[in-house]
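What follows is a set of notes on a single structure, which appears directly below.
The values are calculated or read from the model by the stated rules, or taken from the named source; none is laboratory data. Since this is a predicted model, take the numbers as computed values, not measurements. For neighbour counting, all protein chains shown are included, and Cβ atoms are generated from backbone atoms with ideal geometry for every residue, glycine included.
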Amino acid sequence: MSALSQVRYKVRDALRRDRTFNHTIIESDSYLQGTHSIHPNELDVSHGPVLYLEDISVSFDGFQALNNLSLYIDDGELRCIIGPNGAGKTTMMDVITGKTRPDSGQVFFGQTMDLSQMAEHDIATAGIGRKFQKPTIFPEHSVWENLELAMKTDKGVWHSLFTVLSAEQKDRIEEVIEIIGLQALYFSKADLLSHGQKQWLEIGMLLMQDPRVLLVDEPVAGMTHQEMDRTAELLTSLAGKHSVVVVEHDMDFVRSIANQVTVLHEGSVLAEGTMEEVQNNQKVIEVYLGE
Amino acid sequence: MDSFHKKAVPQEAINMLLNYLFPHFMHKDTGGKWLISLLIAITLLVVIFNFFIPESSALHIPTYMVTLLGKYLCLALLAIALDLVWGYCGILSLGHGAFFALGGYAMGMYLMRQIGDRGVYGNAELPDFMVFLNWHELPWYWQGFEYFSFTALMIILVPGLLAYVFGWMTFRSRVTGVYLSIMTQALTYALLLAFFRNEMGLGGNNGLTDFKDILGFSLQADSTRIVLFTLSALALISGYIASRFIVQSKLGKTVVAIRDAELRTRFIGYKVEDYKLWIFVFSAMLAGIAGALYVPQVGIINPGEFSPLNSIELAIWVAIGGRGTLFGAVIGALLVNYAKTYFTGALPEFWLFALGTLFIVSTLYLPQGIVGLFSQFKNKQQKQSAKHGALQEETT
Amino acid sequence: MSCLLLFTLMLSHSTYASSISKTNITDNGSKQQVSTKQTQLEKIIPQLRVKNFKKKIASIKQLAEIDDPQTIVILEALLNSKLYYQKSDKKVVIINKKNNQYETFSTLNNNAIAVVKKKTLKKITTNNKLRKTIRALLAKKKILNSNLDVRQSALKEILTANDTSLLPVLKQAQKQETDESQQDLLKLAIALIEVHSNNSETRQSAVKRLGNSLYPVAKGKLTKILETDEHGQYIEQDKAVIALAEKAMQQISSKLSLFGNLETLFFGLSLGSVLLLAAIGLSITFGVMGVINMAHGELIMLGAYTTYLVQQLMPNDIGLSLIVAIPAAFIVSGLFGVAIERGVIRHLYGRPLETLLATFGISLLLQQMVRTLISAQNVPVITPSWLSGSLVLNPAFALTYNRIYIFFFALFVFAMLMLILKKTSLGLQVRAVAQNRGMATAMGIKTQWVDSLTFGLGSGVAGVAGVALSQLTNVGPNLGQAYIIDSFMVVVFGGVENLWGTLVAAMTLGITNKFLEPWAGAVMAKIIVLISLIIFIQKRPNGLFPQKGRASGGH
């Protein structure tokens, strides 16, 4: 490495001292050579992980919700997050989507996008979609309209004023309606759907968003076994092109979809691995079953 | 065909006719189509019965009534403006009267300049109240108001700008709900206090009045009044149609989504602040236009228009009529203002009691307004007919 | 002749020595004294009839020399054009005009003589110079009077008289004077005169003394000394005096501005205390129930009207009326509040915007009710005597008692509320419901009760605020409207349901408003405060002391 590049690297390092990812970037050759190009607005997953959470800490009024949490989601993986109540699962999702800002630590989308600096809508358009714990749909809109609103398209004000659905877009909506099984309810007001149907609608909206990362918070709460199977199928099919992070309590469901499982406890990662590994982990057993 | 189907045919025919006359985005808006048709009919009738039928006839509609109706129509447009931000976006602005008043003041300034040297002091440059205050020069912000085109621009720009600045600050800071409503009250109150001062150069507590003519036409002439009335009706109809277009567009749907689930809307990728700002500014401009048409018809604009009470009353018109429907707002505005005219004439003491009770009753028992009552009634009817139809089918 | 003189002297001495015992000797002695004086009076009084003013002045001066209170009476009569003489016997009399008749009184002993017609009398005339002389003479006499009030009023006149001849009298008075503030005034009066002396050193010391006084006349005199002609040159020649005068001016100016600021601060705190009283009830109800009660202003108004009604019911005990009015207003407004809560607000739970509108309707109803049942005009509320007047700390700084009392009263109410909320079980329940309604219900707290009581408490406090306001401002049906927006501002600024926040916000707003006023005018000050608040809210949407974990915009 030339002297100038060395200096440049050192300066860049100094300036980004709080933004270095020790285990990946510095060892990378292109960084050392100073040839790695940075595009701040583009998703860069050249190094593998699509979501980085490093040493995230969040406290509310003295209660430590997240405690030096470090988590990495690889591009295209299907990860399940489990853990007892209060472990910080929902807060973690809040941090990723920008609903809560971390007190310390870094959260990155790809290599370049600092989620702690982005507004919620920008995070969404960048490619992170979320399904909430409690089904949050638009009650006064029809199923069709809910999906139309979620559709991945220009979401600017002027565009919205004059846009008309193209045939392609209409097809896409119909496609998704079929996937979520609400064909009979195209024009019903979303408010009138059952709890389970609302869950599906929200999943449908997530699909319409076509995000790179899907954050799914308790998708099968209140579903029948049949519906659970459908959900499992759907989520598994999404993995690969998308990255899916599922928070769930239902162990059967988790077992049916998960390769990698992360256990959270009291705001940090307790254990990681396959379902068997995690289930046989002594610490995990203690936490779940008590002493 | 049973009776139900027999009834349906003429309704369908009328519907088809209306759909032919109205643009496509109005087709689902039955209430709107009926309202506009009614408005057009009434306007024509009023014009005929005032202008073409002589005064001696019993059928003549006196000119003061034409002006009164014109007033109502302007207020109905203002109600549409509020319904846009409140009924559709959930922003209860209790300061919308300010935008109305600002539009009114812009028009007022133009009309003052039009007086020229026909004022009491005969000063071609300075309005009477300025001469009275011993001012020697027209302040810089009065420049340009001698031209109607400039005035027309200001009527839209000034309320729009105020709405933009206020909205930008407020929405960006995620202030919502009751806090926001209080802020809008404070805004209009501050403007009230400011406009009362003579130093503002806008007439002080007397406001701007004694107008002579508009665009060369005398304000006292019957023909001018008829034209102003017709313009008000046109403004109302265009405002309605424009608002309906917005509301059924994706922007409108997004705005409703923001009202119902703001967080969700954000997380789908919509920049909520932009949408709120857009609808708020558009609404303010609409209110400004309403104010501008109001002033030549009532002949005066004074700081009282900024009174916080005015803006709150406005909210009740929309609530009574039925918010989130647009035609509900129009109906509410027309009904309540008619009642106000009637009661303040006949039983003035009673009016405030009635108004207060109206507030309470409408919020407690009429959350959907009159329009809601009507649609509930219709739903019942439809259910009845459906049952009836089903029974019939069973028996045949 | 010398024996007579000796005898008189002995008698007057013994009269003085034995002033307590009323013996014949004393009687005799005073009688003798009186008769001597009387003789003198009798000699001089007729001389007042002369037409020549110069001679009149001389006679008056002589008259003034006589140490008899009657001379004061005569001089005052002359000053007020009440000294006449009867045409018939040339006797000088004091008259009192009654209807068209004239009652005459003796100049020697004030006894009534007769009632006569104007025709029989001739006025003893005066001119400006004469009157001026009389005034000065009277002042001289009064300045040494035994009665403090007489001395004070005399001195006030002297301060503006500018009569150098009074100097010896003033000096004498100063030596004798026992009252402190009168002493200061005498010193000032002396300084004012000495400033014009010929001796430079006297003048300089006089100027220095003027610098220590906060009375406007001192400043006025200094301004006169520092007068410049049309070229900007000092008219005063003595350089030392000029220098000292400038220094004295500065001294006074800086003191005046200090006290001016203190006074503004006082007014600010007073306004703050009023805002505190008005807003604290609102803060509680908004905090617990997330409800903005637009009728809050009217609840204040009802409290003020309660004061009026209480005063109507006990017109002879105005002093007591306020003490009675406070609990009365609390109960009246409190009951209205509970009624509003149960009748309307309860049914709109979870819909804060509708509640805002509904309560606005209630405010209209309450206003109209008062207009119809009582009067559409303002009603008079009397300030009891123990509340009126002011505490004068120095000529530049006076605090009115009513504001002082209201300030401490507001703090007292604040302390009571803190006590209730922090120490009582009701307070505990209120706080629980405010923080987590669902949990509170689950724990068995009767949230409905708590709601009603909280609302009642908040409204009651508003009523009490109305009592205080009735002492400061006009009471009319629109009283509530004037304070509702200010109350909102305090609540929004201070953060919701946080009593300390309300206190800080109220005081800050009050003081800011008052300090802006002299600079920008009352209306502009208000506008600036409103606009600043709107901007402030953008930065801190939850106010100064926000409730943790709550989004702005109520529940």
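Data table
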item	result
Matching residues, region B:150-195, being at the interface with another protein chain (Cβ under 7 Å from one of its Cβ atoms), part of a helix (DSSP H, G or I), touching a residue at least 40 places away in the same chain (Cβ under 8 Å) and polar (S, T, N, Q)	B:S181, B:Q185
Elements of type helices (runs of 4 or more DSSP H) in region A:99-204, at least 2 residues being small (G, A, S) and either more than 9 Å from chain B (Cβ to nearest Cβ) or surrounded by 14 or more Cβ atoms within 10 Å (Cβ to Cβ) (or both)	A:120-126
So C:G480, is it more than 14 Å from every other protein chain (Cβ to nearest Cβ), crowded, with 19+ Cβ neighbours inside 10 Å and at pLDDT 85 or above	no
Filter pass, A:A221 being in contact with a helix residue (DSSP H, G or I) (Cβ under 8 Å, 6 or more places away or on another chain) and closer than 30 Å to A:F187 by Cβ	yes
Any hit, region B:103-125, residues being touching a residue at least 24 places away in the same chain (Cβ under 8 Å), closer than 30 Å to B:K253 by Cα and within 14 Å of chain C (Cβ to nearest Cβ)	no
Of the criteria (1) out of contact with any strand residue (DSSP E or B) (no Cβ under 7 Å at 6 or more places or on another chain); (2) buried (at least 24 other Cβ atoms within 10 Å of the Cβ); (3) part of a helix (DSSP H, G or I); (4) hydrophobic (A, V, I, L, M, F, W, C), which one B:I91 fails	(3)
Test: residue in region B:241-253 that is in a helix (DSSP H, G or I), under 24 Å from the mean Cα position of the chain (by Cα), away from every other protein chain (no Cβ under 13 Å) and free of Cβ contacts under 8 Å to residues at least 60 places away in the same chain	no
Residue match in region C:475-490 (condition: touching a residue at least 40 places away in the same chain (Cβ under 8 Å), closer than 17 Å to C:L276 by Cα, charged (D, E, K, R) and out of contact with any strand residue (DSSP E or B) (no Cβ under 9 Å at 6 or more places or on another chain))	yes
Residue match in region C:84-94 (condition: touching a helix residue (DSSP H, G or I) at 6+ places or on another chain (Cβ under 9 Å), surrounded by 15 or more Cβ atoms within 10 Å (Cβ to Cβ) and assigned to a helix (DSSP H, G or I))	no
Subset tally (residues that are β-branched (V, I, T), within 13 Å of chain B (Cβ to nearest Cβ) and more than 18 Å from C:L309 (Cβ to Cβ)) for region C:340-398	6
All positions within region B:207-254 that are surrounded by fewer than 16 Cβ atoms within 10 Å (Cβ to Cβ) and among the polar types (S, T, N, Q)	B:S218, B:Q220, B:S223, B:S238
Filter result for B:A284 (closer than 30 Å to B:R118 by Cα, in a helix (DSSP H, G or I) and more than 10 Å from every other protein chain (Cβ to nearest Cβ))	no
Complete set of residues in region B:269-281 that are without any contact (Cβ under 8 Å) to a residue 24 or more places away in the chain and either more than 9 Å from every other protein chain (Cβ to nearest Cβ) or surrounded by fewer than 22 Cβ atoms within 10 Å (Cβ to Cβ) (or both)	B:K271, B:D274
Complete set of residues in region B:52-78 that are modelled with pLDDT under 85 and either buried (at least 17 other Cβ atoms within 10 Å of the Cβ) or in a loop (DSSP other than H, G, I, E, B) (or both)	B:I53, B:P54, B:E55, B:S56, B:S57, B:A58, B:L59, B:H60, B:I61, B:P62, B:T63
Within region A:206-239, considering residues that are out of contact with any strand residue (DSSP E or B) (no Cβ under 8 Å at 6 or more places or on another chain) and hydrophobic (A, V, I, L, M, F, W, C), the one surrounded by the fewest Cβ atoms within 10 Å (Cβ to Cβ)	A:A221
Matching residues in region C:161-173 - criterion: being surrounded by fewer than 17 Cβ atoms within 10 Å (Cβ to Cβ) and either within 15 Å of C:D184 (Cα to Cα) or modelled with pLDDT of 70 or more (or both)	C:L167, C:P168, C:K171, C:Q172
All helices (runs of 4 or more DSSP H) inside region C:329-447 with 2 or more residues being under 29 Å from B:R259 (Cα atoms)	C:352-373, C:425-435, C:437-442
Some residue of region C:513-531 being at pLDDT 85 or above, within 14 Å of another protein chain (Cβ to nearest Cβ), in a helix (DSSP H, G or I) and within 30 Å of C:A325 (Cα to Cα)	yes
So A:M251, is it farther than 27 Å from A:G98 by Cα, in contact (Cβ under 8 Å) with a residue 40 or more places away in the chain, hydrophobic (A, V, I, L, M, F, W, C) and in the same structural domain as A:M113 (by TED's automatic domain parsing)	yes
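Residues are listed down the side, and each one gets a yes or a no for (1) of a type in the set (A, V, I, L, M); (2) assigned by TED's automatic domain parsing to the domain that holds C:E76; (3) surrounded by 15 or more Cβ atoms within 10 Å (Cβ to Cβ); (4) modelled with pLDDT under 80:
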{"residue": "C:K140", "(1), (2), (3), (4)": "no, no, yes, yes"}
{"residue": "C:S146", "(1), (2), (3), (4)": "no, no, no, yes"}
{"residue": "C:Q152", "(1), (2), (3), (4)": "no, no, yes, yes"}
{"residue": "C:T178", "(1), (2), (3), (4)": "no, no, no, yes"}
{"residue": "C:H196", "(1), (2), (3), (4)": "no, no, no, yes"}
{"residue": "C:G220", "(1), (2), (3), (4)": "no, no, no, no"}
{"residue": "C:T228", "(1), (2), (3), (4)": "no, no, no, yes"}
{"residue": "C:G232", "(1), (2), (3), (4)": "no, no, no, yes"}
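Here's the yes/no breakdown for (1) of a type in the set (S, T, N, Q); (2) free of Cβ contacts under 8 Å to residues at least 12 places away in the same chain; (3) more than 14 Å from chain C (Cβ to nearest Cβ):
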{"residue": "B:P296", "(1), (2), (3)": "no, no, yes"}
{"residue": "B:S311", "(1), (2), (3)": "yes, no, no"}
{"residue": "B:W317", "(1), (2), (3)": "no, no, no"}
{"residue": "B:R323", "(1), (2), (3)": "no, no, no"}
{"residue": "B:Q376", "(1), (2), (3)": "yes, yes, yes"}
{"residue": "B:Q381", "(1), (2), (3)": "yes, yes, yes"}
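Matching residues to (1) more than 30 Å from A:P135 (Cβ to Cβ); (2) among the hydrophobic types (A, V, I, L, M, F, W, C); (3) buried (at least 22 other Cβ atoms within 10 Å of the Cβ); (4) modelled with pLDDT of 90 or more:
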{"position": "B:R259", "(1), (2), (3), (4)": "no, no, no, yes"}
{"position": "B:E305", "(1), (2), (3), (4)": "yes, no, yes, yes"}
{"position": "B:S311", "(1), (2), (3), (4)": "yes, no, yes, yes"}
{"position": "B:G321", "(1), (2), (3), (4)": "yes, no, yes, yes"}
{"position": "B:A329", "(1), (2), (3), (4)": "yes, yes, yes, yes"}
{"position": "B:N337", "(1), (2), (3), (4)": "yes, no, no, yes"}
{"position": "B:F350", "(1), (2), (3), (4)": "yes, yes, no, no"}
{"position": "B:A354", "(1), (2), (3), (4)": "yes, yes, no, no"}
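Here's the yes/no breakdown for (1) closer than 30 Å to C:L258 by Cα; (2) modelled with pLDDT of 85 or more; (3) crowded, with 20+ Cβ neighbours inside 10 Å; (4) not assigned by TED's automatic domain parsing to the domain that holds C:T285:
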site: C:E298; (1), (2), (3), (4): no, yes, yes, no
site: C:V310; (1), (2), (3), (4): no, yes, yes, no
site: C:F336; (1), (2), (3), (4): no, yes, yes, no
site: C:A339; (1), (2), (3), (4): no, yes, no, no
site: C:R342; (1), (2), (3), (4): no, yes, no, no
site: C:P352; (1), (2), (3), (4): no, no, yes, no
site: C:V370; (1), (2), (3), (4): no, yes, yes, no
site: C:N378; (1), (2), (3), (4): no, yes, no, no
